[in-house]
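Read the structure below first, then the notes.
The values are calculated or read from the model by the stated rules, or taken from the named source; none is laboratory data. None of the values given here were measured: they were computed from a predicted structure. Using ideal geometry, Cβ is built from the backbone for each residue, glycine included, and neighbour counts are taken over all protein chains shown. The accessibility values were calculated without ligands, DNA or RNA, using every heavy atom of the protein model including side chains. Shrake-Rupley method; radii C 1.70, N 1.55, O 1.52, S 1.80 Å.
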Amino acid sequence: MRYRADGRWRDISWKNFGESIQSVAKGLLGLGVQEGEKIGIYSPNRPEWSIVDLAAMRVRAVSVPIFATSTAKQVEYIINDAEIRVLFVGGQEQYIKARSLFSDPGRKLKIVIFDRGVLRDASDQSVYFQEFRETGRKAARDDDVAKRLLQARPDDLATLIYTSGTTGEPKGVMLDHMNVTEILPPHDGRLLDLDENDESLCFLPLSHVYERCWTFYALSRGIIQHYLEDPTQVLEAMKQVRPTVMCAVPRLYEKIYASVKQRNEGASPVRQRLFHWAITVGAEYARRRRKELRIPLRLRLKHLLADALVLRRIRAIMGGRAKFFPCAGAPLSHEVEEFFLAAGFFILQGYGLTETCATVSCYEPRHFKPGTVGKPLSGTQVKIAENGEILVKGPGVMRGYYKKPSATAAAFADGWLRTGDAGTLDEEGNLTITDRIKDLIKTSGGKYVAPQQIESDLGSDLLIEQAAVIGDQRKFVSALIVPSFIALEVWAHARDLPFSSRRELIERPEVLRLYQERIDDHNTRLARHEQIKKFALLSKEFTVEGGEITPTMKTRRNQIIATYHDVIEKMYTEAA
């Protein structure tokens, strides 16, 4: 594995990795950690995260990840619910929030700090990770660790992952070792040709099941895992690491697509025609490869030229060495997916939940169907309920929610996990996600609208940072739009439009006309009842702290509606 320090990527060998896991395992025993005890990890991505995760499992403890962006209140809830007394924290921000919990005199919490640069309060008995690991290394507890490991069972609880919760309080998803060990091998048939020569960039939060299970898989295949602490630096890191494979979410591709599209719109007419020709050639070449059809010599030659002049440069944005990049977490617009396929960049779409230990379905290497999320993994069953809900059975399905028997019972129907997502299965077994059951909008005219699909399409626009589609029990669909202020301010400066604040900028008639034009363009790809009739620009982004989005960037629609109630009502009142 590798991590970045002082502007350089530094190596950790397999040997050092294993020694660190053993040292931390002995350190946990030194703290009196018992079988089944919960160990908290509250940190951005870094090698220590995985070291502690595996060390906890080695002594039959249960690792409990906490999003690095979680508030002190959210951290307190998880610590109390999981009864955590040993908490590993990343940097100063996480330490300060964890330290605030010491105001409760009855709380016994041992804090271990990853970042040596954190300024700590000696009175709280916290310790730096290096010291903790060194103490464990020197301890004569190797036999005790070995004894714990020999007692391990497949049905031991491996981890407790608290869902971010688009509604209500978080629920602790219980995943055992069998969930993890049984769900990884079926990936081998889909993720071909991966070995110790491959390199991956770990930039999505390890506290989420998606990146966490990918890391398990990557390590099990000997892939070099690069840990990126600051996800905002992902584009720069991709050019440095040049990953051959990497987990990502649609937002990354939407922004790259919007940026490439904008640059092309500003190019000369000749270059624009060349770009569109190359994408057209690339699309036909990709379609034939996907379906394993014969590729005519003429198309091969045209593709070689298109690749040299245009397509290769698009792939270079992601490092230029990608075999495929798994993508999940939200819908990816068909337009964006087809663009990257044409560029020779394989976005391997998939679908899963925390409750299914990540993957339920994903693309096959060939004959996959764009616009779907592929076919279920071997051993995983999927069916669609009468109300359109996706139901799942398989080795990855959780044992239940921690301390919540009622919620656990409600999550299952005749042994099938109720995912809460609406979808369809075609004759070939490809799964298509429509939306969250609770997010589906029904207009007052009785028409159903899937807001996530519309938001995904809007997200591919360079001038739109975030969008929330509204319309349940309303006469028409509307949208709250958070502009991409970096792009919008560049646009405004180029036209000498004065403004002193974001609020003043979005109220300018020129800006409102600009966004109306963008909305009109997006509406051309929607059915009439799905089209956005009114919109409002917001000067403030949706945030985790504000409760409008989850740590995994999912929209908390009910909270957004409550927060912007007056703005929404004004849109519909003006249209009356």
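On a straight-distance basis, which lysines could pair with LYS110 in a cross-link, Cα separation under 27 angstrom, same-chain partners fewer than 8 positions away excluded?
Straight-distance partners of LYS110: LYS26, LYS38, LYS73, LYS97, LYS138, LYS147, LYS171, LYS403, LYS404.
Roughly how many debye, to the nearest 20, is the charge dipole of the range 465-506 about its Cα centre, given +1 on each Lys and Arg Cβ, -1 on each Asp and Glu Cβ, and no other charges?
Numbers: 5 positive and 5 negative charges, 40 e Å.
It comes to approximately 200 debye.
Can you give me the % of accessible surface on the chain that is carbon or sulfur? Probe 1.4 Å, all protein chains present, nothing else counted. Don't skip to the end; give the middle numbers.
Numbers: 13400 of 26040 Å².
After summing per-atom areas, the C and S share lands at 51 percent.
How large is the charge dipole for the chain, taken about the Cα centre, if only the Cβ atoms of Lys, Arg (+1) and Asp, Glu (-1) carry charge, to the nearest 20 debye?
Working: 82 positive and 74 negative charges, 218 e Å.
The calculated dipole for the chain is roughly 1040 debye.
Roughly how far apart, in whole Å, are the Cα centres of the range 386-461 and the range 14-33?
So the separation of the two Cα centres works out to 40 Å.
Given the C-alpha atoms of the range 360-483, compute the convex hull and give its volume per residue in Å³.
Details: hull volume 19.8 nm³, N = 124.
So the per-residue hull volume is 160 Å³.
Roughly how many Å² is the accessible area per residue of the chain, as a whole number, for a 1.4 Å probe? It would help to have the intermediate numbers written out before the result.
Working: 26040 Å² over 576 residues.
Averaged over the residues of the chain, the accessible area is 45 Å².
Please compute the Cα-Cα pair-distance distribution of the chain with 10 Å bins starting at 0, giving whole percents from short to long.
3, 16, 26, 27, 18, 8, 2, 0
Projecting each Cα onto the charge dipole of the chain (Lys/Arg +1, Asp/Glu -1 at the beta carbon, about the Cα centre), which of THR359, LEU538, ILE295 comes out farthest on the positive side?
Result: ILE295.
In Å and on Cα atoms, what radius of gyration and Dmax does the range 517-576 show?
Just the Cα atoms of the range 517-576 yield Rg and Dmax of 13.5, 37 Å.
For the range 501-558, run through the GluC sites (Glu not before Pro) and keep only the ones in DSSP coil with at most 11 other Cβ atoms within 10 Å of their Cβ.
Numbers: sites: GLU504, GLU507, GLU510, GLU517, GLU530, GLU541, GLU545, GLU548; in loops: GLU507, GLU541, GLU545, GLU548.
Passing both the DSSP loop test and the Cβ count: GLU545.
At ASN387 and ARG300, where each label point lies 7 Å from the Cα along Cα→Cβ, what is the point-to-point distance in nanometres?
Each label point is offset 7 Å from its Cα along the Cβ direction, giving 5.5 nm.
Quick check: from the Cα gyration tensor, does the range 258-337 come out rounded (a/c under 1.5), prolate or oblate? Let's see the in-between values first.
Numbers: a/c = 1.67, a/b = 1.01, b/c = 1.65.
Cα axes put the range 258-337 in the oblate bin.
Once the Cα gyration tensor of the range 400-458 is found, what semi-axes does its equivalent ellipsoid get, as square roots of 5 times the eigenvalues, in whole Å, sorted largest first? Display every interim value, and only then the final one.
Details: eigenvalues 138, 58, 26 Å².
Values for the range 400-458, descending: 26, 17, 11 Å.
For the range 209-307, what does the convex hull of the Cα positions come to per residue, in cubic angstrom?
Details: hull volume 15.5 nm³, N = 99.
In the range 209-307, the Cα hull volume divided by residue count equals 156 Å³.
Please report the Cα spread of the range 110-243 along all three principal axes, rounded to whole Å, starting with the longest.
49, 41, 41
Restricting to DSSP loop positions (anything but H, G, I, E, B) with no more than 14 other Cβ atoms inside 10 Å of their own Cβ, which GluC sites (Glu not before Pro) remain in the range 1-70?
Details: sites: GLU19, GLU35, GLU37, GLU48; in loops: GLU35, GLU37.
Sites meeting the loop and neighbour criteria: GLU35.
Starting from the eigenvalues of the Cα gyration tensor, five times each then square-rooted, give me the equivalent ellipsoid semi-axes of the range 1-90, largest first, whole Å.
23, 19, 8
Among THR408, LEU425, SER478, whose Cα projects farthest towards the positive end of the dipole of the range 357-478, with charges put on the beta-carbon of Lys, Arg (+1) and Asp, Glu (-1)?
THR408
Rounded to the nearest 20 debye, what is the charge dipole size of the range 414-522 about its Cα centre when +1 sits on each Lys and Arg Cβ and -1 on each Asp and Glu Cβ? Display every interim value, and only then the final one.
Values: 13 positive and 20 negative charges, 120 e Å.
In total the dipole reaches around 580 debye.
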